[in-house]
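Encoded as structure tokens, the structure appears first; notes follow it.
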Amino acid sequence: MGDDTVECDRLRFNQVILNLLSNAYKFTHEGGSIFLEGRLLRREELITYEIRVKDTGIGMSEQYLEHIWEAYSREQ
């Protein structure tokens with residue numbers, strides 16, 4: 001298996017990427033931008049990739065960051 005092949009739960013991977021892009025689209029005003037990047041971070045026994053979604057949307061407050069991994073959490 002080469003660096004261009006990733007073994008993972010295809011359904012979950014697609015759900016995560018689609019959710020990130022959907023939220024970026026939902027909260028980015030017209031004329032804004034959305035950027036998706038994937039890159040190889042480490043090539044050892046376990047290969048590590050980084051996937052980033054960056055947008056010019058409304059963002060979130062510093063206070064909300066502690067709640068980011070809570071299920072069904074949303075900043076008001």
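The values are calculated or read from the model by the stated rules, or taken from the named source; none is laboratory data. This structure is a prediction, so every number in the text was calculated from the model and none was measured. For neighbour counting, all protein chains shown are included, and Cβ atoms are generated from backbone atoms with ideal geometry for every residue, glycine included. When the accessible area is computed, the model is the full protein with side chains, heavy atoms only, and any ligands, DNA or RNA have been set aside. Shrake-Rupley method; radii C 1.70, N 1.55, O 1.52, S 1.80 Å.
A few notes on this one:
- Close pairs from the range 1-18: first open to solvent by 100 Å² or more (accessible area, probe 1.4 Å), partner modelled with pLDDT of 75 or more and not in a helix (DSSP H, G or I), Cβ under 8 Å, at least 6 apart: Met1/Glu7
- Being hydroxyl-bearing (Ser, Thr, Tyr), more than 22 Å from Val6 (Cβ to Cβ) and either open to solvent by less than 90 Å² (accessible area, probe 1.4 Å) or at pLDDT below 90 (or both) is a property that holds for Thr28.
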